[in-house]
Amino acid sequence: AAAPARAATRRHAAATLSIRSEISYVMIKPDGVQRGLVGEIIGRFERKGFKLVALKLFQCPKQVSGGVAVGGGVCCNCLDIAEEHYKDLSSKPFFGALVEYILSGPVVCMVWEGAGVVKSARKLIGATNPLEAEPGTIRGDLAVQARGRQPAWLCPLKWPLVGRNVVHGSDSAENGERETALWFGKDALVSWEPALAPWLIE
Ligand code: ADP
């Protein structure tokens, strides 16, 4: 009776090892928090079977001097984090507005772990433009924005605005690590073994 038990333990250990292989930084953006979608979004990742290893509600502290908001009211440290987070988009005309937007209200920062979690999380989240995102995805089900609320002639940008798309997910394993370090610092991940691992991974 001991041998099958040992084999099961080995399988469990292997499964545990394999689900440690990758992390994705997922962030519910200010629109998702304001719309009360936090539980819904976390639930989709939980139900998929990924492991939550870090979670926090974060709000940029307002920079105030003499009762007046300075620097757009945004703290320098947070500005650095948000600019670094979106550094690949720094040449885009919407970069400033995007960074300002991401710091405009509370966001939910989380890290999900599991084999293939980066690609899978991107599938769960759906296409950048909510109107192009497939039904069944978070953006496809829960977001609509295709262009600004301003009339087109008032909008200086030539392409559709897609900022209100509820959630962010890392686009590569490297960025999963980088963004996690950025928003959580080092060693912030909780190490735990899901009791359901043997039921999720063969
Ligand atoms: P994704 O979030 O799907 O990885 P990108 O990396 O291309 O997409 O863009 C990052 C974020 O920048 C988007 O989720 C969206 O919030 C914002 N963004 C992208 N394109 C635009 C745009 N044309 N106008 C405004 N915001 C945009």
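The values are calculated or read from the model by the stated rules, or taken from the named source; none is laboratory data. Small disclaimer: the values here were computed from a predicted structure and weren't measured. In this analysis, Cβ positions are derived from the backbone assuming ideal geometry, glycine residues included, and neighbour counts consider all displayed protein chains.
Consider segment 170-197. How many of its residues are more than 18 Å from the chain's Cα centre (by Cα) and either in a loop (DSSP other than H, G, I, E, B) or without any contact (Cβ under 8 Å) to a residue 60 or more places away in the chain (or both)?
Residues of segment 170-197 that are more than 18 Å from the chain's Cα centre (by Cα), as a first pass: 187, 191-197.
Filter once more, keeping what is either in a loop (DSSP other than H, G, I, E, B) or without any contact (Cβ under 8 Å) to a residue 60 or more places away in the chain (or both): 187, 191-196.
Result for segment 170-197: 7.
Could you check how many residues of segment 110-135 are within 15 Å of the ligand (Cβ to nearest atom) and not in a helix (DSSP H, G or I)?
Result for segment 110-135: 9.
Identify, please: which residue in segment 63-83 is aliphatic (A, V, I, L, M) and at pLDDT 90 or above and is, among those, nearest to the ligand (Cβ to nearest atom)? Show your work before the answer.
Step one: of segment 63-83, the residues aliphatic (A, V, I, L, M) are 64, 68-70, 74, 79, 81-82.
Checking the rest, the ones that are also at pLDDT 90 or above come to 79, 81-82.
Numbers: Leu79: 16, Ile81: 15, Ala82: 11 Å.
Within segment 63-83, the match that is nearest to the ligand (Cβ to nearest atom) is Ala82.
Does segment 114-125 hold any residues that are buried (at least 21 other Cβ atoms within 10 Å of the Cβ) and over 11 Å from the mean Cα position of the chain (by Cα), and which are they?
Residues satisfying the conditions are Gly114, Val117, Leu124.
Does segment 84-101 contain any residue that is surrounded by fewer than 19 Cβ atoms within 10 Å (Cβ to Cβ), among the aromatic types (Phe, Trp, Tyr), modelled with pLDDT of 95 or more and outside any helix (DSSP H, G or I)?
Yes: one or more hits.
Is there any pair with a first residue in segment 117-133 that is in contact (Cβ under 8 Å) with a residue 40 or more places away in the chain and a second that is assigned to a loop (DSSP other than H, G, I, E, B) and within 10 Å of the ligand (Cβ to nearest atom) whose Cβ atoms are under 6 Å apart and which are 6 or more apart or on different chains, and what are they?
Every condition considered, the pairs that remain are Val118/Ser170.
Please specify each residue of segment 157-186 satisfying the condition of being at pLDDT below 95 and more than 10 Å from the ligand (Cβ to nearest atom).
Scanning segment 157-186 gives Gly185, Lys186.
Starting from segment 79-98, keep only residues that are under 22 Å from Gly176 (Cβ atoms), then list their pairs with residues that are part of a loop (DSSP other than H, G, I, E, B) and among the small types (Gly, Ala, Ser) whose Cβ atoms are within a distance under 8 Å, requiring at least 6 positions of separation or different chains.
Pairs found: Glu83/Ser90; Leu98/Gly163.
Determine, yes or no, whether Arg122 is touching a Leu at 6+ places or on another chain (Cβ under 7 Å) and basic (Lys, Arg). I'd like the intermediate steps shown before the answer.
Details: touching a Leu at 6+ places or on another chain (Cβ under 7 Å): no; basic (Lys, Arg): yes.
No, not satisfied.
Taking Ile28 as the residue in question, decide whether it is out of contact with any His (no Cβ under 9 Å at 6 or more places or on another chain) and at pLDDT 95 or above. Working first, answer last.
On the way: out of contact with any His (no Cβ under 9 Å at 6 or more places or on another chain): no; at pLDDT 95 or above: yes.
Criteria not met by Ile28.
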